[in-house]
1. Return the loop-located trypsin sites (Lys or Arg not before Pro) in segment 63-160 (DSSP other than H, G, I, E, B) with at most 10 other Cβ atoms within 10 Å of their own Cβ; answer none if there are none.
2. Can you give the FRET efficiency to the nearest 0.05 for ASP71 and VAL191, using r as the Cβ-Cβ distance and R₀ = 25 Å?
3. Can you tell me the length gained on complete extension of the stretch GLU147 to ALA109, counting 0.36 nm per residue apart and subtracting the Cα distance?
4. Calculate the spin-label point distance for ARG134 paired with ASP181, positioning each point 7 Å from the Cα along the beta-carbon direction, and give it in nanometres.
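Nothing in this text is a laboratory measurement; each read-out follows from the coordinates by a stated rule. Only a predicted model underlies this, so the values are computations on that prediction, with no experimental measurement involved. Using ideal geometry, Cβ is built from the backbone for each residue, glycine included, and neighbour counts are taken over all protein chains shown.
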Amino acid sequence: MSTRRTTAATMAMLALLAAACGTAARDEPGPAAGDTSASAASPPVSPPGPEQSAGEAPVPAALRFTAQTLDGKAFRGESLAGRPVAFWFWAPWCPKCLSDAPAVKAAAARQGDVAFVGVAGLDTQAAMQAFVQRTGTGDLVHLADAEGAVWTKLGVSEQSTFVFMKQDGSAEKVSGPLGRDKLEEHLRALVAR
């Protein structure tokens, strides 16, 4: 019976995410649904633990996840702590995602101080890999998030969406497509101190 509930819950989430592809609402991640604050004023972070010494950057709660990359490697969100990160949430069949791909590829090549992470969902592994091949974005780290765990962790409910996370863990969520100029604008704000 629990397998049926899990499957039903997963299908409901995927339907909701798929329906959101055509929307263009802009909102911000926050601790509660519907929070529209521009960024988290004091992001939750974990105190140094055995895997983190006192001199290392604290790990924001949003980066406490594990996933698998499209090429089958284990990925720990904690590895991004202390760096500005641009998460790009996409689906292989999404036209907005396809239109954002050239700007993401170009920005990732120029912005060496920003970690770019593609988070693919809402389709099969093969379709996700074909999208990366088609868009030429294979130099980015892409996570295969077919179950929507990372999408949920970062409060994303539509694609193409970007989550720009500063070194301190504060974040801004922006729906695309952004295009080159808007993406660059958000990246400049991300690295500004």
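1. For trypsin sites (Lys or Arg not before Pro) across segment 63-160 that sit outside H, G, I, E and B with at most 10 neighbouring Cβ atoms in 10 Å, the list reads LYS73.
2. 0.35
3. Length difference between fully extended and current span is 10.8 nm.
4. Simple spin-label model gives 2.8 nm for this pair.
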